[in-house]
Amino acid sequence: MPKIVFGGQSFESGTASVLDSLTAHGISVPSSCRSGLCQACLMRAVKGRVPRAAQNGLKSTLVSTHHFLACSCYPEEDMEVALPDQMNTLAARVTGRESLSANVLSIRLRPDRHFDYVAGQFVRLYIDETTSRPYSLASVPGLDEELELHVRRVPDGKVSGWIFDELRAGDTVKISEAMGNCIYVPGQSQQNLLLIGTGSGLAPLYCIAREALSKGHTGTIGIYHGSRNRSELYFVEQMRAIAKKHSNLRYVPCVSEGDMVPDCAWGMAPDVALVDHPDLSGWKVFLCGNADMVKAAQHKAFLAGASMRDIHADPF
Amino acid sequence: MGLYEQIGGEAAVNAAVDVFYRKVLKDDRIKRFFDGIDMDKQHTKQKAFLTMAFGGPNNYTGLDMRKGHAHLVERGLNDSHFDAVMENLAATLTELKVPANLISQAAAIAESTRKDVLGK
C-alpha cells in the first residue's frame with residue numbers, strides 16, 4: 001500500500017484521498033469544494049508520481065511543477081507531499097558576482113546538493129532564519145552550469161542591501177528550492193509568446209526565451225522590458241544580440257519617465273506591448289515584476305483575448 | 001442523459017469560462033466587484049460556478065454561497081447585479097451555440113442560488 005510523507009511524518013494512504021489521509025492524521029490542509037473544482041487544496045509533490053486525475057483542470061505550469069489537488073489524489077505509489085508555499089532550503093556557495101547596472105547585480109551560486117529547477121523560476125535567499133526575499137534565476141538548467149540570480153537593489157532594502165554590500169565570492173548562503181509560475185512548458189512550439197517584465201523581472205523572461213529557443217520554438221517571442229529611465233534598464237546589449245540571432249524574437253526596451261530615448265520605446269511595458277499586439281487570442285503571456293504592473297497587465301491581457309490558462313504571472 | 005453531459009461536460013465549462021469571465025469584467029454594472037481580486041482564483045471560482053450551473057459534479061451548499069458572497073452584499077450586491085450575471089451567462093451560452101432549452105435549464109439552476117448569494 002502506498003505511503004504518504006508529509007513534514008517528516010509517514011503513513012499508509014489506504015483508499016482515501018491525500019486530503020482525507022492528511023486530515024485524518026490531524027494535518028490541516030485548506031479545502032472547500034472537495035470535488036476538484038475550487039483548487040483550494042492545491043499541494044505539491046516533492047517525490048513520487050502524481051496520478052493524472054489529481055491534476056485535472058490545473059494550468060500546464062502547475063502540472064509541470066508537480067502540483068496536484070489533494071482532494072482528487074489517490075496515490076498509486078509512495079508520495080512525499082507539501083503545501084505549495086512550503087519549501088525546503090539548502091546551502092549554496094557564492095562563486096562570483098558581477099554588476100549589471102547601477103542597481104542590478106548578478107550572483108553566481110553552486111548549491112551543495114542537486115538542485116531541481118525550471119527556466120523562469122525564482123528562489124528565496126535568506127540572511128537569517130526568518131528574513132528572506134525572492135530573487136529571479138537568470139540561469140537555465142542544461143544550458144548553464146551554475147545558478148545565477150539577478151538582484152535589484154531596493155532603496156533601504158534589508159536583504160538586497162546586504163547582498164550588495166556584504167556578500168562576497170566564497171561565502172555560503174541559504175536559499176530555498178525553486179518556485180514560480182512563469183515557466184516555459186514545451187509542446188506548443190508555434191504558439192506566440194508575449195513576455196512583459198519590469199526591473200529584474202527581465203531575468204525570468206530572458207530564461208523563458210532562451211529555453212524556448214533551445215527547444216526549437218518557432219512562434220513569435222516578444223519581450224518587453226520596462227524601467228523608469230534608460231540607466232535602470234540592464235542587459236540591453238545581450239538581449240539585442242539574442243534578437244539578432246533569432247528572427248522570431250523581438251526585444252523592446254521601454255522607458256516610462258522623462259524624455260524619449262532613441263533606442264527605446266516610450267511608455268509602460270504592458271501598454272507598449274498591447275499597442276503592438278492588440279489581439280492576444282491564442283497567445284501565451286508571461287508577466288514578471290512589480291506587483292501593480294503584473295496585476296494590471298494580467299487584466300489587460302485577458303481582455304485582449306488571451307485565455308486565463310495562458311497567462312502566467314509572478315509579481316514581486 | 002443529464003444536463004451536464006448534454007451541454008458538453010468539462011470541455012463546455014472550459015470553453016465557456018473565459019468568454020463568461022471576460023463579459024463579467026467588461027460589464028459596467030458589476031465590474032467594480034472584481035477590482036483588485038486575484039484573477040487566477042476568481043477564474044477557478046467562475047469554473048466552479050459554471051460547472052454547478054451546468055448541473056455538473058459539485059459539493060457547494062447554500063451556506064457556501066452565503067459565506068462566499070457576504071462581503072459583496074456588504075458592498076451593495078443586490079438583485080440588479082445578480083440579473084446582470086444571469087444575462088452574461090445566457091449571452092455566453094448563446095454565443096457558444098448551446099441549444100435554448102439547455103440554456104434555460106442552466107439559467108434555472110443559477111437562478112436557484114439567488115437568495116443565498118444575496119444573503120436573503
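The values are calculated or read from the model by the stated rules, or taken from the named source; none is laboratory data. As the structure is a computational prediction, the values presented were derived from the model and not from experiment. Neighbour counts are summed over all protein chains in view; Cβ atoms, including those assigned to glycine, are modelled from backbone coordinates with ideal geometry. Note: accessible area is taken over every heavy atom of the protein model, side chains too, but ligands, DNA and RNA are not part of it. Shrake-Rupley method; radii C 1.70, N 1.55, O 1.52, S 1.80 Å.
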Simple spin-label estimate for A:Ala53 and A:Ser28 in nanometres, 7 Å along Cα-Cβ: 3.0
Could you give the angle, 0 to 90 degrees to the nearest 10, between helix A:291-303's Cα long axis and the longest principal axis of the Cα atoms of chain A? 90
Give the A-B buried accessible area in Å², both sides summed, 1.4 Å probe, nearest 100. 1700
Per residue convex hull volume, Cα only, the protein assembly as shown, in Å³ is 170
Full-stretch length increase - A:Asp116, A:Arg250 - with 0.36 nm per residue and alpha-carbon distance subtracted: 45.3 nm
Honestly segment A:81-239 on the Cα gyration tensor test (a ≥ b ≥ c root eigenvalues; a/c under 1.5 rounded, otherwise a/b vs b/c for prolate or oblate) is just oblate
Taking alpha-carbon centroids only, segment A:186-237 lies from segment A:125-154 a number of Å equal to 18
Top of A:Ile242, A:Ile208, A:Ile183 by mean-square fluctuation, Gaussian network on chain A, Cα under 10 Å: A:Ile242
Of A:Met179, A:Met293, A:Met260, which is the most mobile in a GNM of chain A whose springs link Cα atoms less than 10 angstrom apart? A:Met260
Round to the nearest 0.05 the FRET efficiency obtained for B:Glu5 and A:Ser10 when R0 = 45 Å and r is the Cβ-Cβ distance. 0.65
Contour minus end-to-end for A:Arg168 and A:Thr89, with contour as 0.36 nm per residue of separation and end-to-end as the Cα-Cα distance? 26.4 nm
In whole Å, how far is the Cα centre of segment B:97-120 from that of segment B:68-90? 13
Roughly speaking, to the nearest percent, how much of chain A's 1.4 Å accessible area is carbon and sulfur? 49
Angle in degrees between helix B:39-53 and the longest Cα principal axis of chain B, rounded to the nearest 10: 50
With angles folded into 0 to 90 degrees, how steeply does helix B:79-95 sit against the dominant principal axis of chain B? Use alpha carbons for both and round to 10. 30
Treat each spin label as a single point 7 Å out from the Cα along the C-beta direction, and report the B:Arg75 to A:Thr220 distance in nm. 3.5
Separation in nanometres of the label points that stand 7 Å from Cα toward Cβ, at B:Val19 and A:Gln190: 2.4
Residues of segment A:37-72 buried by at least 40 Å² on assembly (accessible area, 1.4 Å probe, chain alone as reference): A:Leu37
Please compute the net charge surrounding A:Tyr206, taking Lys and Arg as +1 and Asp and Glu as -1 over other residues with Cβ under 13 Å from its Cβ. -2
To the nearest 0.05, the calculated FRET efficiency linking B:Asp28 and B:Met86 through their beta-carbon distance, R0 being 22 Å, is 0.85
Cross-link reach list, lysines versus B:Lys31, counting only Cα pairs under 30 Å and skipping chain neighbours closer than eight places: A:Lys59, A:Lys284, A:Lys295, A:Lys300, B:Lys23, B:Lys41, B:Lys45, B:Lys47, B:Lys67, B:Lys97, B:Lys115, B:Lys120
